[in-house]
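Contents: one structure, followed by commentary.
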Ligand SMILES: NC(=O)c1ccc[n+]([C@@H]2O[C@H](COP(=O)([O-])OP(=O)(O)OC[C@H]3O[C@@H](n4cnc5c(N)ncnc54)[C@H](OP(=O)(O)O)[C@@H]3O)[C@@H](O)[C@H]2O)c1
């Protein structure tokens with residue numbers, strides 16, 4: 001099908017637009033701002049509520065599949081006379097558990113989706129934008145790409161990879177007039193936990209049995225009370241994306257500022273804070289293991305460090 005796209009309308013391709021997720025709400029918000037949106041989904045029925053909108057069309061898109069990516073991009077280009085103005089790489093999956101115990105099959109899957117899948121779409125769409133000397137690539141990273149925590153070793157590695165990859169891409173595509181933006185969501189209400197159905201601990205083959213409650217709590221972290229609604233996230237982020245010269249990083253959502261700040265916190269304090277929250281300190285106690293330094297010792301170090309920082313601030317400003 002060929003659609004008539006007005007010159008001022010921007011053509012957008014987004015991956016991962018199933019109902020209830022961030023991509024779904026980005027698609028609606030982009031259409032509300034007058035964009036012509038091609039909403040990528042693995043299963044067309046998951047885009048049913050989107051296609052009521054005359055500016056949105058669903059396209060089948062699995063980012064782990066070369067043929068699917070080629071076909072979706074070719075379809076959009078054929079439908080719009082060769083235009084994709086904005087590519088939003090949103091598709092992603094979770095991966096949680098003890099980092100040394102997560103099966104490699106899951107590791108491949110999460111990297112294949114969150115990082116290689118994103119690169120696959122970038123490599124297919126970027127040349128079109130480079131030849132037209134315009135376009136914006138939006139890569140959805142995560143605040144966990146700034147600051148890693150226990151139990152998400154591979155997920156956070158994919159997101160840190162997305163951030164680093166986007167930094168290189170931004171500098172390499174700028175000479176061609178193409179912008180690259182990282183969107184780093186905080187805690188956003190979506191289907192990400194419901195969609196994650198992998199076994200967290202292998203009952204017979206784990207050294208982390210005592211940490212099970214902490215891991216289960218961690219898996220829910222992004223979805224507990226206070227998580228930002230995905231519609232609110234989209235309504236804040238989309239105007240920033242559509243700005244004439246968008247910022248390199250857009251970080252938004254519950255807990256995003258505090259997690260972003262933690263990037264600058266020294267490891268001794270970070271390990272104390274995150275170890276207390278995510279249960280690795282408790283595990284050390286339960287295992288009665290002589291961890292590097294006991295939580296009690298660490299807490300003294302942390303309080304001394306925080307007091308020194310507070311004194312430094314007082315001295316600087318008063
Ligand atoms: N929610 C948060 O708190 C949060 C925080 C930071 C970053 N993020 C990131 O935000 C993005 C969107 O996640 P979400 O929270 O909206 O989760 P979600 O509701 O689970 O949505 C993820 C979307 O990605 C799609 N997807 C998964 N594998 C795919 C593949 N191989 N090819 C194409 N699409 C695929 C899913 O399709 P199906 O429905 O077919 O599975 C779904 O449409 C992800 O990159 C995630 O890492 C989320």
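Please treat every number below as a calculation from the coordinates, not as lab data. These numbers were taken from a predicted model, which means no experiment stands behind them. We place every Cβ from the backbone using ideal geometry, glycine too, and count neighbours over all the protein chains shown.
Data overview
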| item | result |
| --- | --- |
| Fully extended contour minus Cα-Cα distance, from residue 104 to residue 243, at 0.36 nm per residue | 46.0 nm |
| Over 21 Å [Cα-Cα, segment 1-153], rounded percent | 45 percent |
| Interatomic Cα distance distribution for segment 67-221, bins of 5 angstrom, percent | 2, 9, 17, 19, 16, 13, 10, 7, 4, 3, 1, 0 |
| Ranked packing of 179-187, 158-166, 228-236, most packed first, by mean Cβ within 10 Å | 179-187, 158-166, 228-236 |
| Helix 153-173 vs. the chain, principal-axis angle (Cα, 0 to 90°, nearest 10) | 50 degrees |
| Long-range Cα-Cα pairs in the chain (distance over 27 Å), rounded percent | 47 percent |
| Neighbour-count order for 281, 33, 25, fewest beta carbons within 10 angstrom listed first | 33, 281, 25 |
| Listed peptides 10-22, 189-201 by packing density, highest first (mean Cβ within 10 Å) | 10-22, 189-201 |
| Global form of segment 1-76, assessed from the alpha-carbon gyration tensor, a/c cut-off 1.5 | oblate |
| Pair residue 308, residue 172: separation of 7 Å Cα→Cβ label points (nm) | 4.1 nm |
| Inter-label distance for residue 225 and residue 205, nm, one decimal - labels placed 7 Å from Cα along Cα-to-Cβ | 4.0 nm |
| Amide N of segment 233-263 lying under 13 Å from the label point, which is placed 7 angstrom from the Cα of residue 134 along Cα→Cβ | 244-245 |
| Ranked packing of 142-149, 215-222, 98-105, most packed first, by mean Cβ within 10 Å | 142-149, 215-222, 98-105 |
| Pairwise FRET efficiency - residue 260 versus residue 65, Cβ, R0 = 35 Å, nearest 0.05 | 0.55 |
